[in-house]
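Throughout, read-outs are computed from the coordinates displayed, never taken from laboratory work. The model shown is predicted, which means the values in this text are computed figures rather than measured ones. Every residue, glycine among them, receives a Cβ derived from its backbone with ideal geometry; neighbour counts consider all protein chains shown.
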Amino acid sequence: MATVNFSVPDKVKVKFNRAFAGENKSNIIARLMMQAVEERRMQKERARAIDSILRRRRTQKPVSNSQIRAARVAGRP
């Protein structure tokens, strides 16, 4: 198990200690760190997806409103 040191504002420490009194703070910090890692992974994944969509849009020809409407009508049962 690793030990880490972070400096946080006193107000944050007081609120954290109040909110999680009687709980294992190491477990809480570890869980919050894992949530932050997952959030960052999801941000990167979303950015890649957006970049992919934008790349595809650059290579496609524009479609008129009437063509979109016709495709919608054709796709209805």
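Let me know the shape class of region 17-56, please: from the alpha-carbon gyration tensor, a ≥ b ≥ c as square roots of the eigenvalues, rounded when a/c is under 1.5, otherwise prolate if a/b is greater than b/c, or oblate. It is prolate, given that a/c is not under 1.5 and a/b is the larger ratio. Against the chain, whose longest principal axis is taken from its Cα atoms, helix 65-75 shows a tilt of about 90°. Computed over the chain, the per-residue total of -39500 (n - 2.57) for DSSP H runs of n ≥ 4 gives a 222 nm mean residue ellipticity of -25000 deg cm²/dmol, rounded to 500. Radius of gyration over Kirkwood radius for the chain, both on Cα atoms: the Rg/Rh ratio is 1.37.
For the chain, the residue among Met33, Ile50, Asn17 whose Cα projects farthest onto the positive side of the dipole built from Cβ charges is Ile50.
Determine the dipole magnitude for the chain: charges of +1 sit on the beta-carbon of Lys and Arg, -1 on that of Asp and Glu, nothing else is charged, the reference point is the Cα centre, and the result goes in debye to the nearest 20.
The calculated dipole for the chain is roughly 600 debye.
At an R0 of 35 angstrom, the distance between the Cβ atoms of Met1 and Leu54 translates into a FRET efficiency of 0.25.
Region 1-60: which chymotrypsin sites (Phe, Trp or Tyr not before Pro) are DSSP loop and have at most 11 other beta-carbon atoms within 10 angstrom? Write out the running numbers ahead of the final one.
Numbers: sites: Phe6, Phe16, Phe20; in loops: Phe6, Phe20.
Of the chymotrypsin sites (Phe, Trp or Tyr not before Pro), the ones in loops of region 1-60 whose Cβ has at most 11 other Cβ atoms within 10 Å are Phe6.
Taking Lys and Arg as +1 and Asp and Glu as -1, the other residues whose beta-carbon sits under 14 Å from that of Ala30 total 0.
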